[in-house]
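Below is one structure, written out as structure tokens; the observations come after it.
The values are calculated or read from the model by the stated rules, or taken from the named source; none is laboratory data. A quick note: this is a predicted structure, and the numbers were derived from the prediction, not measured. Here the Cβ positions follow ideal geometry from the backbone for every residue, glycine too, while neighbour counts run over all protein chains shown.
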Ligand code: MN3
């Protein structure tokens, strides 16, 4: 069973003006499709074939660059589409809000730390909010398509929020203004979905 490019449950223009339609379309149909196809090629006939993406990343040989880059790319973008919504924004609630306050002090402190991580990631990469078993949350940045499911990467735990800071994610609309893109992202975060992921993985 090969991996398939996940469908978005909103239109490419639905996140405007925060993320433009052209960027969304290219990002989904070219970049994410590319990672998906190359992941399938890389695992064909290996022990990874037929496993879940989480299992593949948990058991990854970090020297296996094809699976590391494309498996990471497949997973990270699936998470990214999933935790955005045209009805997003606002703030987390319930258990997730409590975990964020416990770790960072307040939503504003969380937002500042996450933004600094995203803006400070040198070159291409991601900022993640992750949950550890037991419910504690943590923020980390990862280069390229690495993520904390991979052995020894970042803060560990399971990513429940991810922000793509590769230039392909924002350059058409924001050019070199990564900080403006990071700020805009908070308007489209689907906190309901992030809360669901928190509850499933804590
Ligand atoms: Mn990307």
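What number of residues within region 172-191 satisfy the criterion of being free of Cβ contacts under 8 Å to residues at least 12 places away in the same chain and surrounded by fewer than 17 Cβ atoms within 10 Å (Cβ to Cβ)?
4
What pairs come out if I take residues in region 119-133 that are over 18 Å from residue 183 (Cα atoms) and pair them with residues that are not in a strand (DSSP E or B) whose C-beta lies under 6 Å away, six or more apart or interchain?
Partner pairs satisfying both residue conditions: 130/148; 130/155; 130/157; 131/157; 131/198; 131/201; 131/202; 132/157.
If a residue must be within 16 Å of the ligand (Cβ to nearest atom) and either surrounded by fewer than 16 Cβ atoms within 10 Å (Cβ to Cβ) or within 23 Å of residue 61 (Cα to Cα) (or both), how many such residues does region 153-163 contain?
2
Considering each of 135, 72, 123 in turn, give the residue that is within 16 Å of the ligand (Cβ to nearest atom), over 22 Å from residue 5 (Cβ atoms) and at pLDDT 95 or above.
The conditions single out 123.
Hey, could you check region 43-63 for residues that are surrounded by 15 or more Cβ atoms within 10 Å (Cβ to Cβ) and without any contact (Cβ under 8 Å) to a residue 24 or more places away in the chain and say which is nearest to the ligand (Cβ to nearest atom)?
Selected residue: 56.
Residue 162 versus (1) more than 17 Å from residue 100 (Cβ to Cβ); (2) touching a helix residue (DSSP H, G or I) at 6+ places or on another chain (Cβ under 9 Å): which is the lone unmet condition?
Only one criterion in (1) more than 17 Å from residue 100 (Cβ to Cβ); (2) touching a helix residue (DSSP H, G or I) at 6+ places or on another chain (Cβ under 9 Å) is unmet by residue 162, namely (1).
Filter region 138-152 for residues that are free of Cβ contacts under 8 Å to residues at least 40 places away in the same chain and more than 16 Å from the ligand (Cβ to nearest atom) and give the result.
138, 139, 140, 148 - these are the residues of region 138-152 that are free of Cβ contacts under 8 Å to residues at least 40 places away in the same chain and more than 16 Å from the ligand (Cβ to nearest atom).
Name the pairs: first residue in region 155-170 and closer than 19 Å to residue 31 by Cα and free of Cβ contacts under 8 Å to residues at least 60 places away in the same chain, second residue more than 15 Å from the ligand (Cβ to nearest atom) and part of a helix (DSSP H, G or I), Cβ to Cβ under 9 Å, at least 6 apart or on different chains?
Filtered contacts from region 155-170: 165/119.
Is it fair to say residue 49 is at pLDDT 95 or above and assigned to a loop (DSSP other than H, G, I, E, B)?
For residue 49, the condition - at pLDDT 95 or above and assigned to a loop (DSSP other than H, G, I, E, B) - is met.
If you scan region 18-36, which residues turn out to be free of Cβ contacts under 8 Å to residues at least 12 places away in the same chain and either more than 14 Å from the ligand (Cβ to nearest atom) or buried (at least 16 other Cβ atoms within 10 Å of the Cβ) (or both)?
Residue satisfying the conditions is 21 alone.
Check residue 154 against each of (1) over 19 Å from residue 105 (Cα atoms); (2) touching a helix residue (DSSP H, G or I) at 6+ places or on another chain (Cβ under 8 Å) and name the one condition it does not meet.
Against the list (1) over 19 Å from residue 105 (Cα atoms); (2) touching a helix residue (DSSP H, G or I) at 6+ places or on another chain (Cβ under 8 Å), residue 154 comes up short only on (2).
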